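Student: Handing you a structure now.
The values are calculated or read from the model by the stated rules, or taken from the named source; none is laboratory data. This structure is a prediction, so every number in the text was calculated from the model and none was measured. Backbone-built Cβ (ideal geometry, glycine too); neighbour counts: all protein chains shown. Please note that ligands, DNA and RNA were not included when accessible areas were found on the heavy atoms of the full protein model with its side chains. Shrake-Rupley method; radii C 1.70, N 1.55, O 1.52, S 1.80 Å.
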Amino acid sequence: MKVAIANDKGGYRLKAAIVKKLADEGYEVLDYGTQSPEESKEHALAGEQVALAVQSGAAERGILLCGTGMGVSLAANKHKGVYAAPVESVFAAKHCRLINDCNVMCIGGYILGEYMALEMADAFLKTPFADHFEEGRARYLRSQYERIAAIEDKNFR
């Protein structure tokens with residue numbers, strides 16, 4: 001799986017750890033983030049770069065990091081077909097995929113420790129959408145996803 005990742009200064013520490021883990025596990029990583037803790041990058045630019053990679057199909061999923069995860073998620077969600085969720089737990093990382101089919105996970109470098117961030121990346125990348133639900137619940141989740149896409153079609157002109 002190809003994973004796009006980017007960060008601003010607040011997310012560098014966790015980004016470096018996640019990139020190493022993903023590379024060690026055989027993921028193809030497209031790293032648009034800073035390459036040192038001193039390097040500066042706007043969170044809006046980081047969000048846009050990952051969103052464009054996911055939107056174009058260059059990456060299947062994206063991971064964004066800033067101080068809180070919120071700034072990068074705001075930027076990423078301005079792109080059609082990009083569903084970015086700021087998450088702060090393994091439960092949320094898993095359920096943003098399982099329930100909402102999010103394709104970008106946003107996390108906060110000022111909020112999380114490395115161990116938690118690595119567990120969250122694992123849950124986000126390995127959880128399929130609407131998996132292990134009875135057919136009625138899975139059908140409902142797919143219909144909600146389609147409804148959100150319809151809202152997006154109406155509002156993204």
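Student: Does the stretch 94-115 include one or more residues that are open to solvent by 60 Å² or more (accessible area, probe 1.4 Å), in contact (Cβ under 8 Å) with a residue 40 or more places away in the chain and polar (S, T, N, Q)?
Tutor: yes
Student: As an exercise: evaluate residue 33 against (1) open to solvent by 50 Å² or more (accessible area, probe 1.4 Å); (2) under 21 Å from residue 75 (Cα atoms); (3) modelled with pLDDT of 95 or more and give the number of the one condition it does not meet.
Tutor: All conditions pass for residue 33, except number (1).
Student: Would you call residue 76 within 18 Å of residue 120 (Cβ to Cβ), open to solvent by less than 10 Å² (accessible area, probe 1.4 Å) and of a type in the set (Gly, Ala, Ser)?
Tutor: Values: within 18 Å of residue 120 (Cβ to Cβ): yes; open to solvent by less than 10 Å² (accessible area, probe 1.4 Å): yes; of a type in the set (Gly, Ala, Ser): yes.
It is true that residue 76 is within 18 Å of residue 120 (Cβ to Cβ), open to solvent by less than 10 Å² (accessible area, probe 1.4 Å) and of a type in the set (Gly, Ala, Ser).
Student: Six or more apart or on different chains, Cβ atoms under 8 Å: show the pairs whose first residue is in the stretch 136-150 and more than 18 Å from residue 77 (Cβ to Cβ) and polar (S, T, N, Q) and whose second is at pLDDT 95 or above and in a helix (DSSP H, G or I).
Tutor: No pair meets every condition.
Student: Going through the stretch 108-135 one residue at a time, which ones are part of a helix (DSSP H, G or I), of a type outside the set (A, V, I, L, M, F, W, C) and at pLDDT 95 or above? Break it down stepwise before answering.
Tutor: Within the stretch 108-135, the first condition is being part of a helix (DSSP H, G or I), and the residues that meet it are 114-126, 135.
Now restrict to residues that are of a type outside the set (A, V, I, L, M, F, W, C): 114-115, 119, 122, 126, 135.
If the condition is that a residue be part of a helix (DSSP H, G or I), of a type outside the set (A, V, I, L, M, F, W, C) and at pLDDT 95 or above, then 114, 115, 119, 122, 126 are the ones that fit.
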